[in-house]
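Chemist: I am attaching a structure below and will ask some questions about it afterwards.
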Amino acid sequence: MVVIAEGLAGKKIVITGATGFVGTALVERLLRGVPDCELVLLVRDGRRTAAARRTERELLSNDAFDRLRSDLGKEGFSEMCARRVTTIAGDVSSDGLGLDEAARAVFATVDVVIHSAATVSFDSPLDQAVEINLLGPTRIASLCAELDITPHLVAVSTCYVAGNRRGTAPEQLVSDGPFDIGLDWRNEVTSARRLKGDTEAESRRPERLAEFRKRARAELGAAGAPALAAKTEQLRNRWVRDQLVAAGRARAASVGWPDAYAFTKALGEQALTESRGQVPVSIVRPSIIESAWAEPRPGWIRGFRMAEPVILSYARGLLKEFPGVPEGTIDVIPVDMVVAAIVAVAAAGPDDAPPITQVASGGINPLRYRALVDNVSSWFTAHPLYDNEGQPIIVPEWSFPGRGRVQTQLTRAKAVITRAESALQSLPLRGRQAELAANLETRRMEVERALEYVELYGLYTECEAIYQVDNLLSLWDRLPENDQRDFAFDPRLVDWPTYINEIHLPSIIEHARVKTTPGRAKTTDRTARLRRQVLDPARQVAAFDLENTLIASNVVANYSWLATRRLDRGERLRYVARTLAEAPSLLRLDRRDRTDFLRHFYRRYENAPIEQIEEDVAAMMTHLVLTKSFPEGIRRVREHRAAGHRTILITGALNFNVAGLRPLFDEIVAAEMSVRHDGTLSGEMTTVPPTGEARAQLLADYCEAEGFRMEECVAYADSSSDLPLFEAVGFPVAVNPETRLAAIARKRGWLVEHWAKAPGGPRPLLPIAPFGDERLRRGGR
Amino acid sequence: MPRPGFVLDVDRSTPPMLFWHGERFSLERLPADRSRVIYPAEPLPGLADPDAAIRQALLQPLDMEPLPSLLHAGMRLTICFDDASLSLPKMRRPDSRQRIIEAVLDMAAEAGVDDVHIIAALGLHRRMHDYELRHVLGDRIFDAFHPSGALYQHDAEDHANLVVLGETDHGEVLEINRRVAESDLVVYANVNQVAMDGGWKSLVTGVASYRCLSHHHNPESLQNTRSLMDRHHSALHHSIWRMGAVLRDSGPKVFQIESTINNDAFPSPFDFLSKREWEWTGRDRATFLATSKALDRTPRRLARRIFHSIEAPYAMTSVQAGFTETVHERTLEHVHAQHIVPVEGQTDILTMGIPFISPYNPESIMNPVLVMCMGLGYLFNMYRGRPLVREGGVVIMTHPTTKEFHPVHHPSYIDFFDEVLADTTDPAEMSQRWERKYAEDEWYRHLYRTGNAYHGVHPFYAWYWGAHGQQWAGRVIIVGGDPATVRRLGFTPASTMDDAFELASEVVGRSPTITHLHVPSVLVADVH
């Protein structure tokens, strides 16, 4: 007889992976169901958050604890946590678990270690999977040896360590079974580490780096050196990761496992068994863990597991087919049963617990693939998701195709979309058309994801192994009745149609925040909310770019207007012809480096009498600037002022050209040109206009000088070259974004505004001054 | 002898009627036996020698000494003139104002006056472009006065150059242009196209400040202005005349010159516009068809440019000068002679075609706010006695009414449409909640003063202009307008005239009487 409360009474239990899906449920169940035990949580320090803070934020605030919180009251719950839960900072991927002296001292006093930390993602890079899944358990065992303690180590593994095989998979080590091919885990560790090093080296080869840089430039445009560098490095890291993911998948497949996860877990079991020394070990192997059957409440789930993305893609109409054998078994097990089994194994103690316990449903209460699909499709027919137009999405008929066919279809779809996308990317699009391209990108990412699901999970749906659960059932039989009630883990208790229709699907739909009601999408609500945030009086500064953000014009148009104002008809024609001929080279220069372009272009103002320019600029304000302005943009500037924000214009235009906008802004940062003694312009800039990352710096300096905070700044700009600025402020607003920026803005959830010229205004064909003021042409003054 | 205006009863043989539809036209058949059409009078003959008539008026003014005897060397003379809101369409050169001001300047030169300022009395309207000043005043005046800065435009926001002349017994403050107030003589050159213009209104609105204008340009006054064309029953004009008395008693000496023009608003290619449909010749029909089809195929932007370039062959029908009040009474006689059409009784439905132009969009686009202003403000007010439509009746207009605005001329209109009309269409409410914010807005002030924008508060005034009509009509329907925009104005969109009649039947029953106000040209219905 195993009595759980007795078995764990007064025990100190270390739990790794407490912030994960199983870990959360485990901590909750122990706190609620085993009142007399103490928990030590081994949690990694986050990048910004200390381990203890992570316990608070990522674990104890989870809705799994709602039940406890309401039972004990808020205070009572905190009091209990303070009394029974200790957090130590540590990391299973480093030797000695990265514990400091104090943590080691705590660790030295424990009775049970439940190791549930793992990288469960099926597409982890090989090196990471090796460090965590393979070496993690071994490191715990070595630490115990080092500290000279022998706690009961309960290691959570997976049924899929059995690999790709048909027939029954017993509760024994793979290396003890008939299909062992004699892999040495140490060799795998060495090779994975070497591969990581090689890949890192390969990624730094000049050709590779040039390629990353090129791609970064293509993605960002002229965003300035620091942004480009950051992006390049990001691309390099991603490349390394992708290589290692592919390597993991390939290595696993080559030796008979569906993926790197199962492969490294299998070797991990082997390594642990070999290196455990005096530490008693029990292994618990769940199959596919899904939402809770009953505890802490039916349907409780944390994060997205394996089946959810597939089910949601199907419900969204994205995944029309998914490979699988209709009569195949899909081995799902609710998380609360896994947790109950772990607790029971721990309570049974090193002597009574089976060495390996599989927690799976396939052998005794199988869920057939066809039954799953039928239930899912009828459920979504009754409760459809809705698209952005508010129309219900009809779920497709499932045809149980082979994996190859689905992959081919998706690959083809991806190719088409990618081609269309790159075509659109290369067009000079802005505003709504650019959003189209961004939509296409979203679409491509969806297809890519679907393709990944098929590649990764397809194997699981085709898996025909049956996991034996003899040890599990014998443990079950040894439980007293009240423990069987409170710690139910008998897979036969699950009624699959009830589980799918009433527990799992409603739960994941709730979690996925998908549209489940008809009517138009609430994107406008989102925009309205972002607008309110942007105009909130708590904001302090609103910085605006000028060209294409507030005005559909540019420095060349300004110059042309001024240059032609006093020309006669023939001279005008010649001017227009000359400028058109120069346009391509100007454009090229502008694309390469904005500052160089401005310096080069502004030479043209040399020798212009400043007095005449100032007079002409006033006329230009009406004829060019206002005509081409975006009234909503101008209104926004004024709304910011009304809200008490400082408004700043940051532009590459010459200061006299934007003088007419003065009343809108508290501060105008523009290019300035020196004036000679004879009252003519020198053509040389005394203040170089800030571009790219210099704008971010400028705003930061301004904020510092004026005592404002960048997090309370709003920045409006139209181009991806303003990314550094966008990233520096708290509230970026992309105005009429070009394709690249539209895509970025969408990903980051930035406010996007589509501002247009007033449709009733005049639309001159060319930005040249109106022909007809005789007095001016005669030479004026 | 030109034929007077008259009322045609529509029967089965009556051809379809011409409606303006912005920059286009449409022909609409009105239901027989219960519809009538009010036609304006044909153009009265012009003066044979306008320049001689002007000289005559200046030498023999009404209730004042002849102009030459008011002029002497060393004096400060200020000449004010109506801005681009008059006439519509713009007058073929030479404009009456050019003729008048040249005559005045000649006399001033003879008298040795050298301190002369010429000021465009634009009130809160937009500043005129140089080419508009040149068109109205002629090259000679423009080139002589503009470069030296002696020809300029009134600035209602230049507070250093505004002075308070006094208060009326109703507590209305008269605040006007300093130069005008401090002149020895102010001459005002008017073009009196409709009965609303002229009299004390010329100076009291043309060179006043926002503060001064807000005493009468407000919802209450305009709801009690019955009508704008009948100053004796207009709260707006009463207030202006009270201010006029202050100006008369404590202001500079004013020499008012008013000139009237006839109804000859469109040059020959558009003859069919002013003809009566059943009198159209084969040639008229052909021109109409050709013009109308061509316009349907012309982009609106281009059509707008064509229409705004039209110069009207107006002829001057009278000119009188002297003491403002006497002059204005004489002017009204002449205006009425051209405009008044006697009409028997009111009607259930009033139909009107809204043209491409209103006083507030010369060289620009008729935006939705101005459509309201033109329909319910101007055309609805073309009556004396009682409105053409009965109280609670229906007004049907035809206009494309798209959400388009001119960014240079009408910046505050854009925000007014998006912000204010989204909140309320009620003049009193908007006046309370929004008017001050727009009137005192720094950016609008900047654009009004340095650019060519109407004053920030102007869209409110345009809206108040229709306040009486809005209050009076039970429903307003716009045929062929953009539905969302029309709804924002508080009106009902209809796609065809038949739909409009159908919608109107909910308000006025199944067989209402219909009256169509034939535009162009201008007429004032004298409703008994």
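Chemist: I need the full set of residues from segment B:481-528 which are surrounded by 23 or more Cβ atoms within 10 Å (Cβ to Cβ), within 14 Å of residue B:402 (Cβ to Cβ) and of a type in the set (Gly, Ala, Ser), in order please.
Modeler: Passing the criteria: only B:481.
Chemist: So, one more: Does segment A:278-289 include one or more residues that are among the hydroxyl-bearing types (Ser, Thr, Tyr) and surrounded by fewer than 22 Cβ atoms within 10 Å (Cβ to Cβ)?
Modeler: no
Chemist: Checking the condition buried (at least 21 other Cβ atoms within 10 Å of the Cβ), more than 19 Å from residue B:322 (Cα to Cα) and among the small types (Gly, Ala, Ser), which residue from B:87, B:96 passes?
Modeler: Values: B:96 fails: more than 19 Å from residue B:322 (Cα to Cα).
B:87 is the lone residue from the list that is buried (at least 21 other Cβ atoms within 10 Å of the Cβ), more than 19 Å from residue B:322 (Cα to Cα) and among the small types (Gly, Ala, Ser).
Chemist: Please go through segment B:85-102 and pick out each residue that is more than 16 Å from the chain's Cα centre (by Cα) and among the small types (Gly, Ala, Ser).
Modeler: B:96
Chemist: Now for a separate question. Sort out which residues of segment A:57-92 are exposed (fewer than 15 other Cβ atoms within 10 Å of the Cβ) and free of Cβ contacts under 8 Å to residues at least 12 places away in the same chain, and write them in order of number.
Modeler: A:57, A:61, A:70, A:73, A:74, A:75, A:76, A:78, A:79, A:82, A:83
Chemist: Let me ask you something else. Those residues that are crowded, with 17+ Cβ neighbours inside 10 Å and within 30 Å of the chain's Cα centre (by Cα), I need them from segment A:670-697; list them, please.
Modeler: Across segment A:670-697, the qualifying residues are A:691, A:692, A:693, A:694, A:695, A:696.
Chemist: Are any residues in segment B:375-407 among the hydroxyl-bearing types (Ser, Thr, Tyr), touching a Leu at 6+ places or on another chain (Cβ under 9 Å) and within 14 Å of chain A (Cβ to nearest Cβ), and if so, which ones?
Modeler: Of everything in segment B:375-407, just one residue is among the hydroxyl-bearing types (Ser, Thr, Tyr), touching a Leu at 6+ places or on another chain (Cβ under 9 Å) and within 14 Å of chain A (Cβ to nearest Cβ), namely B:401.
Chemist: Within the bounds of segment B:231-252, is there any residue that is closer than 30 Å to residue B:99 by Cβ and acidic (Asp, Glu)?
Modeler: no
Chemist: Among residues belonging to segment B:439-448 that are under 12 Å from residue B:210 (Cβ atoms) and within 11 Å of chain A (Cβ to nearest Cβ), point out the one that is surrounded by the fewest Cβ atoms within 10 Å (Cβ to Cβ). Talk me through it step by step, then tell me what you get.
Modeler: First, pick out the residues of segment B:439-448 that are under 12 Å from residue B:210 (Cβ atoms): B:439-441, B:444-445, B:448.
Right, trim to within 11 Å of chain A (Cβ to nearest Cβ) and you get B:441, B:444-445.
Working: B:441: 21, B:444: 25, B:445: 18.
The residue in question is B:445.
Chemist: Considering (1) touching a His at 6+ places or on another chain (Cβ under 9 Å); (2) surrounded by 21 or more Cβ atoms within 10 Å (Cβ to Cβ), say which one residue B:67 fails and leave the rest.
Modeler: (1)
Chemist: Among the candidates A:96, A:136, which residue alone is assigned to a helix (DSSP H, G or I) and at pLDDT below 85?
Modeler: Values: A:136 fails: at pLDDT below 85.
Unique residue meeting the criteria: A:96.
Chemist: So, one more: For residues in segment A:659-668 being surrounded by fewer than 24 Cβ atoms within 10 Å (Cβ to Cβ) and touching a strand residue (DSSP E or B) at 6+ places or on another chain (Cβ under 8 Å), which is farthest from the other protein chains (Cβ to nearest Cβ)?
Modeler: A:667
Chemist: Can you confirm whether segment A:640-651 contains a residue that is within 27 Å of residue A:727 (Cβ to Cβ), of a type outside the set (Lys, Arg) and without any contact (Cβ under 8 Å) to a residue 40 or more places away in the chain?
Modeler: First, pick out the residues of segment A:640-651 that are within 27 Å of residue A:727 (Cβ to Cβ): A:640-641, A:643-651.
Filter once more, keeping what is of a type outside the set (Lys, Arg): A:640, A:643-645, A:647-651.
Imposing the further condition that a residue be without any contact (Cβ under 8 Å) to a residue 40 or more places away in the chain reduces the set to none.
No, because not a single residue in segment A:640-651 is within 27 Å of residue A:727 (Cβ to Cβ), of a type outside the set (Lys, Arg) and without any contact (Cβ under 8 Å) to a residue 40 or more places away in the chain.
Chemist: Scan segment A:9-56 for residues that are free of Cβ contacts under 8 Å to residues at least 60 places away in the same chain, touching a Cys at 6+ places or on another chain (Cβ under 8 Å) and of a type outside the set (A, V, I, L, M, F, W, C) and jot them down.
Modeler: Step one: list which residues in segment A:9-56 are free of Cβ contacts under 8 Å to residues at least 60 places away in the same chain, which gives A:9-10, A:19, A:27, A:31, A:35-39, A:41, A:43-56.
Going one step further and asking which of them are touching a Cys at 6+ places or on another chain (Cβ under 8 Å), we end up with A:9-10, A:31.
Result: A:10, single match.
Chemist: Turning to a different aspect of this structure: Restrict the check to segment B:408-425 and report whether at least one residue is without any contact (Cβ under 8 Å) to a residue 12 or more places away in the chain, within 14 Å of another protein chain (Cβ to nearest Cβ) and in contact with a Ser or Thr (Cβ under 7 Å, 6 or more places away or on another chain).
Modeler: Among the residues of segment B:408-425, not one is without any contact (Cβ under 8 Å) to a residue 12 or more places away in the chain, within 14 Å of another protein chain (Cβ to nearest Cβ) and in contact with a Ser or Thr (Cβ under 7 Å, 6 or more places away or on another chain), which makes the answer no.
Chemist: Would you confirm whether or not segment A:263-276 contains a residue that is in a loop (DSSP other than H, G, I, E, B) and touching a residue at least 40 places away in the same chain (Cβ under 8 Å)?
Modeler: Yes, segment A:263-276 contains a residue that is in a loop (DSSP other than H, G, I, E, B) and touching a residue at least 40 places away in the same chain (Cβ under 8 Å).
Chemist: I would also like to ask the following. Which residue, of A:649, A:681, is under 18 Å from residue B:446 (Cβ atoms), in a strand (DSSP E or B) and not hydroxyl-bearing (Ser, Thr, Tyr)?
Modeler: Numbers: A:681 fails: under 18 Å from residue B:446 (Cβ atoms).
The unique qualifying residue is A:649.
Chemist: Same structure, new question: For segment B:105-120, give me each residue that is assigned to a helix (DSSP H, G or I), surrounded by fewer than 24 Cβ atoms within 10 Å (Cβ to Cβ), in contact (Cβ under 8 Å) with a residue 24 or more places away in the chain and of a type outside the set (Asp, Glu). Walk me through how you get there before you give the answer.
Modeler: So the first thing to find is which residues in segment B:105-120 are assigned to a helix (DSSP H, G or I), and the list is B:105-110.
So of that shortlist, the ones also surrounded by fewer than 24 Cβ atoms within 10 Å (Cβ to Cβ) come out as B:105-107, B:109-110.
Imposing the further condition that a residue be in contact (Cβ under 8 Å) with a residue 24 or more places away in the chain reduces the set to B:105, B:107, B:110.
Within segment B:105-120, B:105, B:107 qualify.
Chemist: Inspect all residues belonging to segment B:110-128 and state whether any of them is within 14 Å of chain A (Cβ to nearest Cβ) and in contact with a Lys or Arg (Cβ under 9 Å, 6 or more places away or on another chain).
Modeler: Yes, because at least one residue in segment B:110-128 is within 14 Å of chain A (Cβ to nearest Cβ) and in contact with a Lys or Arg (Cβ under 9 Å, 6 or more places away or on another chain).
Chemist: Here's a follow-up. I'd like to know if segment B:271-286 contains one or more residues that are closer than 16 Å to residue B:519 by Cβ and within 18 Å of the chain's Cα centre (by Cα).
Modeler: No, segment B:271-286 has no match at all.
Chemist: If residue A:358 passes every condition in (1) modelled with pLDDT of 85 or more; (2) surrounded by fewer than 17 Cβ atoms within 10 Å (Cβ to Cβ) but one, which one does it miss?
Modeler: Checking residue A:358 against (1) modelled with pLDDT of 85 or more; (2) surrounded by fewer than 17 Cβ atoms within 10 Å (Cβ to Cβ), the one that fails is (2).
Chemist: When you check residue A:197 against the structure, is it over 29 Å from the mean Cα position of the chain (by Cα) and either assigned by TED's automatic domain parsing to the domain that holds residue A:269 or closer than 23 Å to residue A:128 by Cβ (or both), yes or no? Give the steps one after another, and end with the answer.
Modeler: Details: over 29 Å from the mean Cα position of the chain (by Cα): no; either assigned by TED's automatic domain parsing to the domain that holds residue A:269 or closer than 23 Å to residue A:128 by Cβ (or both): yes.
When the stated conditions are applied, residue A:197 does not pass them.
Chemist: Another one. So, in segment A:391-431, of the ones that are under 30 Å from residue A:753 (Cβ atoms) and surrounded by 16 or more Cβ atoms within 10 Å (Cβ to Cβ), which residue ends up modelled with the highest pLDDT?
Modeler: A:393
Chemist: Let me ask something additional. Determine whether residue A:695 is touching a strand residue (DSSP E or B) at 6+ places or on another chain (Cβ under 8 Å), away from chain B (no Cβ under 14 Å) and part of a helix (DSSP H, G or I).
Modeler: Criteria met by residue A:695.
Chemist: Which residue, of B:351, B:402, B:398, is surrounded by fewer than 23 Cβ atoms within 10 Å (Cβ to Cβ), not assigned by TED's automatic domain parsing to the domain that holds residue B:227 and not small (Gly, Ala, Ser)?
Modeler: B:402
Chemist: Which is without any contact (Cβ under 8 Å) to a residue 40 or more places away in the chain and not in a loop (DSSP other than H, G, I, E, B), of B:248, B:211?
Modeler: B:211
Here is a yes/no grid of residues against (1) away from chain B (no Cβ under 14 Å); (2) at pLDDT 85 or above:
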position	(1), (2)
A:689	yes, no
A:705	yes, yes
A:727	yes, yes
A:772	no, no
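The values are calculated or read from the model by the stated rules, or taken from the named source; none is laboratory data. Keep in mind it's a predicted model, so treat the numbers as computed, not measured. A quick note on method: Cβ atoms are made from the backbone with ideal geometry, for glycine too, and the neighbour counts reach across all protein chains shown.
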